[in-house]
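Here's the structure we're looking at; comments come further down.
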Amino acid sequence: MQLTGNYLALAYLVSAILFILGLKGLTHPASARRGNYLAMSGMLVAIIATALDPAVRSYGFIIAGILLGSVIGTVIALKIRMTAMPQLVAALHSFVGLTAVLVAVGTYLTHSRTGNLNTVLMSELFVGTFIGAITFTGSLVAFGKLQGIITGKPLVFRGQHLLNLLIALVMFTSGVQFLLHNEFGALLVMIALALALGILLIVPIGGADMPVVVSMLNSYSGWAAAATGFTLHNNLLIITGALVGFSGAILSYIMSKAMNRSIASIILGGFGSGEGHADTGSSTAGAKGIKTAAVEDAVFLMTNASKVIIVPGYGMAVAQAQHALKELADILEHKGVTVHFAIHPVAGRMPGHMNVLLAEADVPYDHVFEMEEINPEFATADVALVVGANDVTNPAAKSDKSSPIYGMPILDVYKARQIFFIKRSMNPGYSGVENQLFYQDNCSLVFGDAKKVCEKLVVELKAS
């Protein structure tokens, strides 16, 4: 059975509609699961329709690719921890970029043998290769930073921007040479320069900007896919790539706005010195006059509170403490305490990181509030329990004009009557900026692994 042109176009249209509905579903946690199912259905329709395209003459490589990809994807899905999801996303973006480069090179070699090259096709190859190459190496660098293989600190050097500009100019010059004279060597030079540019664009970006970088690379991968769609004359790939490209670009804008930074400043080199070194002690706390508290102190105040706001961060993700937090919230609510969860747009290492973790622990969607909704509530909260959310709760963003994070919107945790901050050590957050919240009179640090501390809180609450 094969699909004619009209039926194939109809199948692709159905698939595109399912992708759009799936993307719409992902805009809210309550509909995210339905959105995923719709998008998966759209991909299934697309695969079946493509397999039934009369242009497909052999199924050997297609079946092998589907089977191999399914096995690899299943293994990764079963073994990946939610804390490693950002670097997985970055790695997957690199595959899209590499695919765009390989498809462009393969298409050129095929058409050059048959003499079917034209200016339009070569322009598509030009765009696909340099976007794909930048996405490939840029995503690999982002993966390395998130995985800890490469330091999260910005790697900067004198004349960096000038070097990037020079590489970009030579790259485009090689591309023009390829277009005008059909020189395969010029195409290879352009690819090599784009690969180098991808590395140089991401290495100066610090850890604090990683959520925006992941979103930005997502946009790049979409444009690479769209360029590949033009090369292959595949309308569905063009639509899908455009959806990913635009949604990633919009999300990057939203994320950068949430950090009070321009996308241009992030691309040209972000602030942030990366994650601190491991330190399990709290010996420096007393020397700096920072107050500490025991689990029993936190339990006493939360039990007698009317409203508790829980602020999850990357520390919760690393410790996998979301399930213990869910149980803690259930116990407090059973005691008549109102419990809310507060989410900052850039908490964690990628957009929506905390939302996914809380959904995994079955925290009700109506208990989870975004920054704009929850900030007015902190002033009336008896207790704010912060679980490893460092940079997004730092009052320096509002009070210290010399701070690198000044102007970044934060969760107004400092307004709560009492703050308990669960933290493993005195190390700064991923941005490398010390949190001024620790020095406030209403803040006490509870040192220890987030999961263990939350489990102790649950035990004490049950006994109280």
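So the values come out like this:
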{"item": "For residue 310, residues with placed amide H under 5 Å, excluding near neighbours", "result": "340, 341, 342, 385"}
{"item": "Helix axis angle, 5-25 relative to the chain longest principal axis, alpha carbon, degrees", "result": "10"}
{"item": "Difference of contour (0.36 nm per residue) and Cα-Cα distance, residue 380 to residue 323", "result": "17.9 nm"}
{"item": "Filtered trypsin sites (Lys or Arg not before Pro), segment 4-106: DSSP coil and at most 14 other beta carbons within 10 Å", "result": "57, 81"}
{"item": "Residues residue 9 and residue 246, FRET efficiency given R0 of 22 Å [Cβ-Cβ distance, rounded to 0.05]", "result": "0.50"}
{"item": "Equivalent ellipsoid dimensions for segment 374-464 as semi-axes, Å, which come from the Cα gyration tensor, largest first", "result": "24, 16, 10"}
{"item": "Potential lengthening between residue 44 and residue 294 on full extension [0.36 nm per residue; Cα-Cα distance subtracted]", "result": "84.7 nm"}
{"item": "Rounded to 10°, Cα long-axis angle of helix 60-79 versus longest principal axis of the chain", "result": "10"}
{"item": "Convex hull of Cα atoms in segment 1-138, direction-averaged projection (nm²)", "result": "10.7"}
{"item": "Volume per residue of the C-alpha convex hull in segment 283-463, rounded to whole Å³", "result": "105"}
{"item": "Pair residue 184, residue 72: separation of 7 Å Cα→Cβ label points (nm)", "result": "2.6"}
{"item": "The chain: calculated mean residue ellipticity at 222 nm from DSSP helix runs of at least 4, using -39500 (n - 2.57)", "result": "-20000 deg cm²/dmol"}
{"item": "Cα→Cβ-extended label distance, 7 Å offset, between residue 95 and residue 172, nm", "result": "3.3"}
{"item": "Projected area averaged over orientations for segment 182-221, convex hull of C-alpha atoms, nm²", "result": "3.3"}
{"item": "Angle in degrees between helix 210-232 and the longest Cα principal axis of the chain, rounded to the nearest 10", "result": "20"}
{"item": "Cβ-Cβ FRET estimate between residue 119 and residue 427, R0 fixed at 60 Å, reported to 0.05", "result": "0.60"}
{"item": "Distribution of pairwise C-alpha distances over segment 89-238, 5 Å bins, in %", "result": "2, 11, 19, 20, 18, 14, 9, 5, 2, 0, 0"}
{"item": "Dmax and Rg, reported as Rg then Dmax, of the chain (C-alpha, Å)", "result": "25.0, 81"}
{"item": "As computed over segment 1-79, the Cα convex hull volume per residue (Å³)", "result": "89"}
{"item": "DSSP bridge pairs, the chain: antiparallel proportion in percent, nearest 5", "result": "0"}
{"item": "Charge tally in the Cβ shell below 12 Å around residue 40, where Lys, Arg are +1 and Asp, Glu are -1, residue 40 excluded", "result": "+2"}
{"item": "Theoretical gain in end-to-end length, residue 306 to residue 64 [0.36 nm per residue, Cα-Cα removed]", "result": "81.2 nm"}
{"item": "Residues of type lysines that residue 79 reaches as a straight line, Cα spacing below 21 Å, ignoring anything fewer than 8 places off in the same chain", "result": "145, 451"}
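Only the coordinates and a few stated rules stand behind these numbers; no lab work does. The shown structure was predicted, so the numbers you read here are calculated from the model rather than taken from an experiment. Virtual Cβ from ideal backbone geometry, glycine too; neighbours counted across all protein chains shown.
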